[in-house]
1. Only one of PHE288, PHE274 is over 23 Å from THR158 (Cβ atoms) and open to solvent by 10 Å² or more (accessible area, probe 1.4 Å); which?
2. Could you list, ordered by first residue, the pairs with Cβ atoms under 9 Å in which the first is in the range 20-45 and on the phi > 0 side of the Ramachandran plot and the second is in a loop (DSSP other than H, G, I, E, B), at least 6 apart or interchain?
3. Can LYS171 be described as open to solvent by 20 Å² or more (accessible area, probe 1.4 Å) and more than 16 Å from the ligand (Cβ to nearest atom)?
4. If the Cβ limit is 6 Å and pairs must be 6+ apart or interchain, which residue in the range 409-422 that is within 9 Å of GLY449 (Cβ to Cβ) pairs with which residue that is away from the ligand (no atom under 13 Å from the Cβ)?
5. Would you mind stating whether ASP111 is under 24 Å from the mean Cα position of the chain (by Cα), among the acidic types (Asp, Glu) and over 29 Å from ASP305 (Cβ atoms)?
6. For the range 445-465, which residues satisfy the criterion of being open to solvent by less than 40 Å² (accessible area, probe 1.4 Å) and of a type in the set (A, V, I, L, M, F, W, C)?
7. Quick check on my filter: what residues within the range 218-243 are part of a loop (DSSP other than H, G, I, E, B) and open to solvent by less than 20 Å² (accessible area, probe 1.4 Å)?
8. Quick one: would you say GLU427 is in contact with a Pro (Cβ under 7 Å, 6 or more places away or on another chain), within 16 Å of THR390 (Cα to Cα), acidic (Asp, Glu) and crowded, with 16+ Cβ neighbours inside 10 Å?
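The values are calculated or read from the model by the stated rules, or taken from the named source; none is laboratory data. Everything quoted here is computed from the prediction, not taken from an experiment. FYI the Cβ positions are ideal-geometry reconstructions off the backbone, even for glycines, and counts take in every protein chain you see. All accessible areas refer to the heavy atoms of the entire protein, side chains included, with ligands and DNA or RNA removed. Shrake-Rupley method; radii C 1.70, N 1.55, O 1.52, S 1.80 Å.
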Amino acid sequence: MTAVVRDYGLTGADSRLAVEQGLAEAEWFRPPIDPERLRDLQVRTNARAARDTLLWLGLLALFGYLAFLALGTWWAVPAFGVYGALYGGAGDSRWHECGHGTAFRTKRLNDIVYYIASFMLLRQPTLWRWSHVRHHTDTIVVGRDPEIMFPRPSSPRTVAGVYLPVAILPKAVWRTLKHAAGRIDDDARDFIPEDELPKLKWESRAYIAVLAGTAAWCVAIGSIVPALYIGLPTFYGAWLMVFFGAMQHAGLREDVLDHRYNSRTVYMNPVLRFLYSNMNYHVEHHIFPSVPYYALPALHDEVKDYLAPADRSTISAYRRIFATLRRQWSDPSYDDPRPDVPDVSESQRSFVETGFTAWAGDAHDGLIDLGPAAGLAVGSARRIDRGDATYALYRIDPDDLDDGDDGSDGFVLSDGLCTHGQAHLAEGAVLDGMVECPKHNGCFDLCTGEALRYPATEPITLYDVAVRNGQLVSRLTPQKAPE
Ligand code: FES
């Protein structure tokens, strides 16, 4: 059989084809879920994320110390093995969750862990932040997704290239050197906004400075030991990152707008789930990226009836993956079959039927009726549709308003659609006076409309809202943002 060679680059023929076929920035399948339950699951706690982060860092310190005590003996090998797996392997899911901004409630804590883990993985923070936004927008769409691990046709060589850290090393180092010199590749330019590109140069230079400092330390003392702690674990520990990461999408269908067919959920034991931050619930994570990792098992229970049955274990998942990859060597069109994906009717997929209330927004005396105030609890949102326009009505804690309780009882009305994409903000998480977009975790200040978190950069418009006789009403007058 003649293999159809596809172009996995982001500026080639398949990229144009994906856009023409409506596969880029498209609407994806979403199973029904009770909106109140979803809002409960979206809540973040610093305590839980801090506990897990301190445990991870504590284990790193412990095994680093044991390796130090064992220097010069064979016991140093397993000790460094565990240290590397925690550094270059378990660091990946910490990078991931903090990149989404969902691990900690406090943004700064997410950012700190994100930068530390980015260095451990030799990933430039800005590059990978935007790469991952694209991965979530166009998951496993050829020519659009920069994070496809197994381009087809696969072969023993390409599969080995994914699993062998020695194959990762030259590419990662070369890209860092190129970016440090200001030579940004075309693929990166495709998904990173122009004004963010200069950061790549400085982030790469900072990495090189730390790694060069470590190398100089090694030379000065005539020992490779400092590099075994800083730098090299990215590579000798990468096997665990690949072991987990390859399970997410390997062998599954390309170019399909339904994560149930291109992502994999695998049941794992508690130790693996700790190392992997519950990312084994990968279908659920892709559909609802605003749910923090510690709520994914509960989310799985909510939606599993609409998904394909999870793989029973990592062993059974890998049996399927290797059987599929092997078959794709000769037949690139073959996909890991998902015959048990339940059929969910069109009506169940729709926004209203998933439980997110849409209000018609009828007008009386120049005032738009937004529905009863009593039905909207603090921390929840309601979609308002009026003609072709759509809005999101929220209730936040009045204490989160800039001026304290201004008499509005915490009701806020904004544009419905996120300024980054087409996601509806009424489906987002309403937390700490902000709304977080359900698609890529962009955040907006509900006092000013300001975009607070990438990838959203443009503000949303806020409108007047008042309570009259128990009904919420608005004239849809845009509110001027404070200076
Ligand atoms: S659609 Fe991307 S942050 Fe909202």
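1. Just one listed residue meets the conditions, PHE274.
2. GLY22/LEU257; GLU25/ASP138; GLU25/ARG144; GLU25/GLY421; GLU25/GLN422
3. In short, yes.
4. Listed pairs, sorted by first residue: SER414/LEU462; ASP415/THR461.
5. Yes.
6. Residues satisfying the conditions are LEU446, CYS447, ALA451, ALA456, ILE460, LEU462, VAL465.
7. Result: GLY231, GLY237.
8. So GLU427 fits the description; yes.
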